[in-house]
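What follows is a single structure, written as structure tokens, with notes after it.
The values are calculated or read from the model by the stated rules, or taken from the named source; none is laboratory data. Every value quoted in this text rests on a predicted model; they were computed, and no experiment measured them. Cβ: placed from backbone, ideal geometry, glycine included. Neighbour counts: every protein chain shown. All accessible areas refer to the heavy atoms of the entire protein, side chains included, with ligands and DNA or RNA removed. Shrake-Rupley method; radii C 1.70, N 1.55, O 1.52, S 1.80 Å.
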Amino acid sequence: MTRGRRALLRGVGAGLAGLTGGCLARGSNVRYPSVETSTDRHTEAGTADDRDGATDGGDAAGDGSTEGSPTDAPPETDAAPDPANPALAERTRRVADELRWFAETYPEAIAEFRTAMRRSTRATRDLKDAGTVGVADVDELAATYDDAFERARDALDGRFRVVDGIEDRVEYHLAVVRKFAGRGDRDRTDEELGRLAAFAGGFATDVYADRSLSRNPIENRLTAFLRADEYDPERTLLWQLARTSAGGERFEAYAYRAERGDLLRPPVTDGDSRAMADWYGPLHEPADRTAAATLSVHEVDRSGGRPFPTRRPEATPTRTVVLQRYADERAAARALSEVASRVTREGEYAMGDGTWRRVYYRRAGDVAYALCCRAGEFLLATGAGETAWEERVDWDRVHRRTWLSGVGA
């Protein structure tokens with residue numbers, strides 16, 4: 001068995017367990033622009049995409065691959081690799097950081113937000129039950145709310161912009177309470193304190209968190225980070241997201257910007273995960289990886305008043321993006337070198353400002369074609385399918401609407 005074939009089997013065996021895919025019509029419906037290609041990988045050693053410290057391996061899809069020499073491996077070095085797709089890396093970092101926040105920090109952040117609102121609500125009710133209410137008491141209550149808003153902002157960290165609106169309404173109620181407390185009108189003071197307590201207390205409920213601070217579906221700024229174009233209400237982008245940390249913790253969610261829809265749960269099925277593990281297996285490298293995710297994009301036609309779907313989208317690999325994050329750029333470059341030893345490279349492909357490798361490898365007795373690249377500390381892969389690149393027609397039309405192509409709007 002050749003080195004290339006052994007590496008391929010190791011890659012498939014590693015799998016992409018815990019990841020999932022997206023939706024796309026099947027068949028030869030994709031086209032790449034013409035590019036310079038070569039089946040002699042040694043002639044490509046000096047291309048721009050190889051300056052990130054990775055080298056290509058044996059012919060994983062051919063029948064005549066030969067045993068590689070130990071001198072074929074890149075030398076070990078502590079020097080940082082040259083930047084790879086820096087603009088794409090920056091956009092990918094925004095997406096990955098936001099997804100990590102929802103996966104790891106969201107429960108604690110929402111608990112802190114609700115605790116802050118409960119504390120101020122309790123103080124409002126305590127003042128209403130007090131024997132007397134003076135202006136100084138109202139000022140003390142206002143300070144309690146100021147502290148609650150600061151804690152709430154810190155907890156949400158810009159993910160949800162709800163605190164400003166709550167604060168404006170609370171300030172209005174406090175101004176009314178202060179006015180009638182100064183006049184000694186206890187009935188009216190108590191009435192307004194009751195209104196303030198009811199208003200503030202509503203933000204500490206499960207219902208509010210589920211509707212306005214939702215984790216599934218995600219409807220915050222992540223939907224803008226995932227886009228490259230302006231939001232189009234008639235062509236909404238719908239995402240199926242699945243993330244697995246290095247420790248094995250899994251998080252799944254839908255993400256979209258639209259009126260709330262009740263899509264079938266879970267967002268990602270076990271079958272989807274197994275299928276994407278199979279399709280992208282050779283492009284998966286767990287060494288020094290801090291997290292892995294799949295992001296599957298679908299374009300939802302809302303024109304003519306069409307309703308938002310309720311069925312789970314069909315999962316297919318071509319519009320799935322596999323995102324792997326590593327400890328640093330060196331680790332990502334090493335991971336790409338490992339991946340390159342399992343696949344055959346044939347030229348490059350430009351998507352927006354990013355340069356990708358066209359690769360192919362054996363899968364299920366056939367050949368799978370895909371794209372992969374390094375972007376900073378990330379490895380990205382997409383477009384896996386059995387249709388050869390040169391026979392695809394407009395395959396990446398929806399990809400060009402995503403962060404892979406440009407800056408989110």
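The helices (runs of 4 or more DSSP H) falling completely within region 186-245 that include 2 or more residues that are at pLDDT below 95 map to 206-212. The condition (being open to solvent by less than 30 Å² (accessible area, probe 1.4 Å) and either among the β-branched types (V, I, T) or within 30 Å of A258 (Cβ to Cβ) (or both)) is satisfied by just one residue among A197, A155: A155. When V133, V138 are checked against the criterion of being outside any helix (DSSP H, G or I), modelled with pLDDT of 95 or more, open to solvent by less than 70 Å² (accessible area, probe 1.4 Å) and of a type in the set (A, V, I, L, M), V133 stands alone in meeting it.
Quick check: anything in region 285-294 assigned to a loop (DSSP other than H, G, I, E, B), open to solvent by 40 Å² or more (accessible area, probe 1.4 Å) and without any contact (Cβ under 8 Å) to a residue 12 or more places away in the chain? No, the conditions are met nowhere in region 285-294. Can G406 be described as out of contact with any Leu (no Cβ under 9 Å at 6 or more places or on another chain) and not assigned by the TED database to the domain that holds P286? In short, yes.
Number of residues in region 84-100 that are touching a helix residue (DSSP H, G or I) at 6+ places or on another chain (Cβ under 8 Å) and open to solvent by less than 70 Å² (accessible area, probe 1.4 Å): the value is 5. When we screen E67, E98, E108 for residues that are modelled with pLDDT under 95, out of contact with any strand residue (DSSP E or B) (no Cβ under 6 Å at 6 or more places or on another chain) and either among the acidic types (D, E) or outside any loop (DSSP other than H, G, I, E, B) (or both), the only hit is E67. Looking at region 305-318, is at least one residue under 17 Å from the mean Cα position of the chain (by Cα), at pLDDT 95 or above and in a strand (DSSP E or B)? No; the residues of region 305-318 include none that is under 17 Å from the mean Cα position of the chain (by Cα), at pLDDT 95 or above and in a strand (DSSP E or B). Please tell me if E346 is in a helix (DSSP H, G or I) and at pLDDT 95 or above. Against the criterion (in a helix (DSSP H, G or I) and at pLDDT 95 or above), E346 does not qualify. If you go through region 319-343 and pick out every residue that is assigned to a loop (DSSP other than H, G, I, E, B), open to solvent by 10 Å² or more (accessible area, probe 1.4 Å) and touching a strand residue (DSSP E or B) at 6+ places or on another chain (Cβ under 8 Å), you end up with 3. For region 200-237, the candidate set comprises residues that are under 24 Å from the mean Cα position of the chain (by Cα) and of a type in the set (D, E); within that set, the residue that is surrounded by the most Cβ atoms within 10 Å (Cβ to Cβ) is E219. For region 351-370, a tally of residues being without any contact (Cβ under 8 Å) to a residue 60 or more places away in the chain and open to solvent by 10 Å² or more (accessible area, probe 1.4 Å) returns 3. With respect to the conditions (1) open to solvent by less than 40 Å² (accessible area, probe 1.4 Å); (2) within 22 Å of A96 (Cα to Cα); (3) of a type in the set (S, T, Y), S303 falls short on a single one, namely (2).
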